[in-house]
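A.B. asks: Here's a structure for you.
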Amino acid sequence: MTVTGPLSGVIVVDMTRILAGPYCTMMMAELGARVIKVEPPGGGDDARQYGPFTNGKSTYFVSVNRGKESIALDLKAPADKAIFETLLARADVLAENFRPGTMEKLGYGWEALHPRYPRLIYAAASGFGHTGPYSRHPAYDMVVQGIGGIMSVTGEPGGGLTRVGMSIGDIGAGLYTAIAVNAALFHRAQTGEACKVDIGMFDCQLALLENAIMRYTTSGKIPGPMGARHPSITPFEAYKTADGHIIIAAGNDALFVRLCQALERADLADNALFKTNDLRNTHNRALAGEIEKELAKDKTEGWIARFEKAGIPCGPVNNIAQALAHPQTAARNMLVEVEDVVAGKVKVAGNPLKISGFPDPATRPGAPELDADRAHILKELGLS
């Protein structure tokens, strides 16, 4: 066996589709696990129909299913059920993101599987988890962004509703599922016991709200959108310059003094309104006005050079093209090439988990065609 990551040797039977579950299992594949995607015959994963397309293949699908295998199984057909159960007997993890109750109807819920496959970790990611009054409700990313409160703190004060600029509902759930599965694998290695992992997208949205929840529970005030400003630290936001914007993150008193010196406004550090972070937070608009008055005297690039020399955390507001062209992106191998048999060469985000002793190649295998690996999987299982 070629060791490609810390999860090499782990077999994941992946029944997930669209984004939250596939993102979780993709990260496990990136960490070396073998991921066998079990898809319904005919259309397979719904994400295969989502654009953009290259040579007729969904690059959306490619981006989160690279490095996996595919077998199409009808779990209501006896022959395919037999194949599926043989797969489960060899697997370490079963991952699914159906609405709760779906797997039970098929006869493959945790309660049915655990006695038969006591070492199989069962990982479920759903909209609201497997318990509670909303457990059977369907949910997509936008639904949980709304219900979970994240949209209420996103955007400009007084502005229209704004979705977080990526699928934080799905990706958050996918990441939390991957964390829990890895913890369950460790627990099994220590005790021999397998667990059920039950992740709700709604729960994950609440967890990701971090200090918004704390601010409400301690003050009783309901947080709202604040644009590009941090709710608890000042100066810590995007400010206008002569030709655009700059992010300044002066997270403590010493950095604030340095910022004032770099702006050639040492008087701001001595101003009674700005002496402490709490005072700066209270008078943040007054301070922003003073800072932007100085920033208007030079372009963003000039201020970044000056602030970096002074050791002040700062940066431009890049678009996607600029972020990908940043020298740190290449240095950290964060734009990799997928070599797909249909779509050809597709560039996607790399693996942010850098672990010593394991490779992080510049290329990745493609995403499988539906049922593409059936023959070799059946041969491996000793089935025809």
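A.B. asks: Which of the chymotrypsin sites (Phe, Trp or Tyr not before Pro) across the range 1-70 are loop residues per DSSP, with 14 or fewer other Cβ within 10 Å?
C.D. replies: On the way: sites: 23, 50, 53, 60, 61; in loops: 50.
Here the chymotrypsin sites (Phe, Trp or Tyr not before Pro) that fit, given the DSSP loop and packing criteria, are 50.
A.B. asks: If R0 is 22 Å, what FRET efficiency do you get for residue 106 and residue 378 from their C-beta distance, rounded to 0.05? Display every interim value, and only then the final one.
C.D. replies: Working: r = 21 Å, r/R0 = 0.94.
Efficiency at R0 = 22 Å is approximately 0.60.
A.B. asks: Something else about it: Along each of its three principal axes, how wide is the spread of alpha-carbon positions in the range 309-384, in whole angstrom units, largest first?
C.D. replies: If we take the Cα atoms of the range 309-384, the spans are 68, 30, 14 Å.
A.B. asks: Please work out how much length the chain gains when fully extended from residue 332 to residue 309, using 0.36 nm per residue of separation minus the C-alpha to C-alpha distance, in nm with one decimal. Before the final figure, lay out each step's value.
C.D. replies: On the way: separation 23, 0.36 × 23 = 8.28 nm, distance 2.32 nm.
Length gained, residue 332 through residue 309: 6.0 nm.
A.B. asks: OK, next. Could you work out the relative contact order of the chain? I mean the mean sequence separation of Cα pairs under 8 Å and 6+ apart, divided by the number of residues, in percent. Write out the running numbers ahead of the final one.
C.D. replies: On the way: 680 pairs, mean separation 68.8, N = 384.
The value is 18 percent.
A.B. asks: Another question, then. Kindly rank 104-115, 215-226 from highest to lowest mean number of other beta carbons found within 10 Å of each residue. Before the final figure, lay out the partial values.
C.D. replies: On the way: 104-115: 14.6, 215-226: 12.0.
Sorting 104-115, 215-226 by mean packing, highest first, produces 104-115, 215-226.
A.B. asks: Now, a different point. How much of the accessible area of the range 73-157, probe 1.4 Å, is carbon plus sulfur, in whole percent? Walk me through the numbers before you get to the answer.
C.D. replies: Working: 2300 of 3990 Å².
So the carbon and sulfur contribution to the accessible surface is 58 percent.
A.B. asks: Could you give me the ³J(HN,Hα) list for the range 264-271, computed from phi with Karplus coefficients 6.51, -1.76, 1.60 and θ = phi - 60°, whole Hz, x at Gly and Pro?
C.D. replies: Each residue's phi maps through the Karplus curve to give 6, 10, 4, 5, 5, 5, 8, 5 Hz.
A.B. asks: Equivalent ellipsoid semi-axes for the range 95-219, as square roots of 5 times the alpha carbon gyration tensor eigenvalues: give them largest first, rounded to whole Å. Display every interim value, and only then the final one.
C.D. replies: Numbers: eigenvalues 200, 55, 26 Å².
For the range 95-219, the ellipsoid semi-axes come out as 32, 17, 11 Å.
A.B. asks: Please give me, ordered by residue number, the chymotrypsin sites (Phe, Trp or Tyr not before Pro) of the range 249-304 that lie in loop per DSSP and have at most 10 other Cβ atoms within 10 Å.
C.D. replies: Details: sites: 256, 274, 303; in loops: 274.
When the chymotrypsin sites (Phe, Trp or Tyr not before Pro) of the range 249-304 are filtered for loop state and at most 10 Cβ neighbours within 10 Å, nothing remains.
A.B. asks: Give the accessible surface of the chain per residue, rounded to a whole number of Å², with probe radius 1.4 Å and ligands, DNA and RNA excluded.
C.D. replies: Numbers: 18900 Å² over 384 residues.
Roughly 49 Å² per residue, with all protein chains present.
A.B. asks: With a cut-off of at most 16 other beta carbons within 10 Å, and DSSP calling the residue loop, which GluC sites (Glu not before Pro) in the range 311-384 qualify? Please list them.
C.D. replies: 369
A.B. asks: Right, next: From the backbone phi of the range 319-329, what are the Karplus-calculated ³J(HN,Hα) couplings (6.51 cos²θ - 1.76 cosθ + 1.60, θ = phi - 60°) in whole Hz, Gly and Pro given as x?
C.D. replies: Result, ordered by residue: 7, 4, 4, 5, 5, 6, 7, 4, x, 5, 4 Hz.
A.B. asks: For a test of the definition: using alpha carbon positions, the gyration tensor, and the 1.5 limit on a/c, classify the range 196-349 as rounded, prolate or oblate.
C.D. replies: It is oblate, given that a/c is not under 1.5 and a/b is not larger than b/c.
A.B. asks: List the aspartates and glutamates whose Cα sits under 17 Å from the Cα of residue 196, skipping any in the same chain fewer than 8 residues away.
C.D. replies: Leaving aside aspartates and glutamates fewer than 8 places away in the same chain, those within reach of residue 196 are 14, 92, 96, 104, 111.
A.B. asks: Sequence-distant or interchain residues sharing an amide H contact under 5 Å with residue 245, placed H: which?
C.D. replies: HN-HN under 5 Å from residue 245: 317.
A.B. asks: How big is the charge dipole of the chain about its Cα centre, in debye rounded to the nearest 20, if each Lys and Arg gets +1 on its Cβ and each Asp and Glu gets -1 on its Cβ? Don't skip to the end; give the middle numbers.
C.D. replies: Working: 39 positive and 41 negative charges, 21 e Å.
Roughly 100 debye, rounded to the nearest 20.
A.B. asks: Amide H of residue 139 versus every other amide H placed in the peptide plane: which residues, excluding those fewer than 5 positions away on the same chain, fall under 5 Å?
C.D. replies: The answer is 127.
A.B. asks: Also: Please list log₁₀ I(q)/I(0) at q = 0.10, 0.23, 0.24 Å⁻¹ for the range 63-159, using the Debye equation with identical point scatterers on the alpha-carbon positions.
C.D. replies: -0.40, -1.27, -1.32
A.B. asks: Can you give me the Cα centroid spacing of the range 33-105 and the range 306-381 in angstrom?
C.D. replies: Taking the Cα centre of each part, the range 33-105 and the range 306-381 sit 22 Å apart.
A.B. asks: Report, ordered by chain and residue number, the lysines lying within cross-link reach of residue 57, taken as a straight Cα distance under 24 Å and ignoring same-chain residues fewer than 8 apart.
C.D. replies: Correct list for residue 57: 37, 68, 345, 347.
A.B. asks: Taking amide H positions as placed 1.01 Å from N in the peptide plane, with prolines and chain starts having none, which residues 5 or more places from residue 121, or on another chain, fall under 5 Å of its amide H?
C.D. replies: Counting only residues 5 or more places away or on other chains, the set is 93, 94.
A.B. asks: Among DSSP bridges having both ends in the chain, what percentage is antiparallel? Round to the nearest 5. Could the numbers behind the result be given before it?
C.D. replies: Details: 16 of 39 bridges.
Taking every DSSP beta bridge within the chain, about 40 percent pair in antiparallel fashion.
A.B. asks: A follow-up question, please. What fraction of the Cα pairs in the range 176-251, stated in percent, has a spacing above 21 angstrom?
C.D. replies: The share of Cα pairs beyond 21 Å in the range 176-251 comes to 56 percent.
A.B. asks: Whole-Hz ³J(HN,Hα) for each residue in the range 180-195, computed from phi via Karplus 6.51 cos²θ - 1.76 cosθ + 1.60 with θ = phi - 60°, x for glycine and proline: what do you get?
C.D. replies: Couplings: 5, 5, 5, 5, 5, 4, 5, 4, 5, 5, 7, 10, x, 9, 9, 10 Hz.
A.B. asks: Pop a pseudo-label 7 angstrom from the Cα along the beta-carbon direction at both residue 183 and residue 349 and give the gap in nm to one decimal.
C.D. replies: 2.2 nm
The values are calculated or read from the model by the stated rules, or taken from the named source; none is laboratory data. Everything numeric in this text was worked out from a predicted model, so none of it was measured. Every residue, glycine as well, gets a Cβ built from its backbone with ideal geometry; the counts of neighbours run over all protein chains shown. These area figures cover heavy atoms from the full protein model, side chains too; ligands, DNA and RNA do not enter into them. Shrake-Rupley method; radii C 1.70, N 1.55, O 1.52, S 1.80 Å.
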